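In what follows, a structure is listed as structure tokens, so that the remarks can point back to it.
The values are calculated or read from the model by the stated rules, or taken from the named source; none is laboratory data. No experiment lies behind these values; they were computed from the predicted model shown. Quick reminder, even Gly has a Cβ in these numbers, built from the backbone with ideal geometry, and neighbours come from all protein chains shown. The accessibility values were calculated without ligands, DNA or RNA, using every heavy atom of the protein model including side chains. Shrake-Rupley method; radii C 1.70, N 1.55, O 1.52, S 1.80 Å.
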Amino acid sequence: MTSSNIMQAALTHFARDGYEGASLKNIADDCGIKKPSIYAHFASKEDLFMKVLQSVFQRQEERIRHYFIEHEQLPLEEQLKGCLTERQREYHEDDEAKFFLRMAFFPPNSLYNEVMGILYPFLDSQEDQLSRLLAAGCPVKGRIIRHPRQAASAFLTLMDGIDVEILYGGEERSLRRLEQAWPVYWSGVTKER
């Protein structure tokens, strides 16, 4: 049994049950090992959780970066809205996306500072990348982005609202919220040339 197998099983449990609800015994059972065997790879449940969290945040950052590379041929508006739509889909289909969102909004109380120490740099990096993307504008449609840094911050705020709706309201409500909020966001951050 490798540490990556244990981390994958732990991800499933942390995504479904949260930090407090996840049991090392159940994680070990899923791996076909005894609970003490986990300690050959991880010092504690906290250590296992933090390694899973760091790994997930790194992959999420890479996933977002890859999304924009794969969709760079689309108009900017479609890229941005598609990023939000993709996030909704991933939450319902992928334990990693579910874990990522849940821990971003509901970190374990005992690990709050450690989680925020990973989350805030992640968000700052996302804002920087979005600012650069938005500063490039959308020349195909003859529109430009007003105040790219503020537009990036507003996009992340919109994303937070959609994420909360995903967590509490479900897929249908979050899709409806996106459809209602998107035109207001887009018209607010763009202007004609």
Descending Cα extents along the principal axes, the chain, whole Å:
64, 30, 29
Calculate what fraction, in whole %, of the accessible area of the chain sits on carbon and sulfur atoms when a 1.4 Å probe is rolled over the protein chains.
50 percent
What number comes out for accessible area per residue over the chain if the probe is 1.4 Å? Units Å², please.
52 Å²
Can you compute the modelled spin-label distance between Cys83 and Asp124, with each label point 7 Å from Cα toward Cβ, in nm?
1.9 nm
Kyte-Doolittle cut-off 0.0, length cut-off 20 Å along the helix's own axis using Cα: show which whole DSSP H helices in the chain pass.
148-169
Could you work out how far apart the two model spin labels at Asn113 and Asp95 are, taking each label as a point 7 Å from the Cα in the direction of the beta carbon, and quote it in nm?
3.1 nm
How big is the charge dipole of the chain about its Cα centre, in debye rounded to the nearest 20, if each Lys and Arg gets +1 on its Cβ and each Asp and Glu gets -1 on its Cβ?
340 debye
Stretch Ser153-Asp17 to full length: gain in nm at 0.36 nm per residue minus the Cα-Cα span?
45.9 nm
Distance in nm between Glu171 and Gln54 label points, each 7 Å along Cα→Cβ, equals 3.5 nm
Can you classify segment 10-116 as rounded, prolate or oblate using the Cα gyration tensor, where a ≥ b ≥ c are the square roots of its eigenvalues, rounded means a/c under 1.5, and otherwise it's prolate if a/b beats b/c and oblate if not?
prolate
Say we join alpha carbon atoms closer than 10 Å with springs in a Gaussian network model of the chain; which of Asp95, Asp163, Asp30 then has the biggest fluctuation?
Asp30
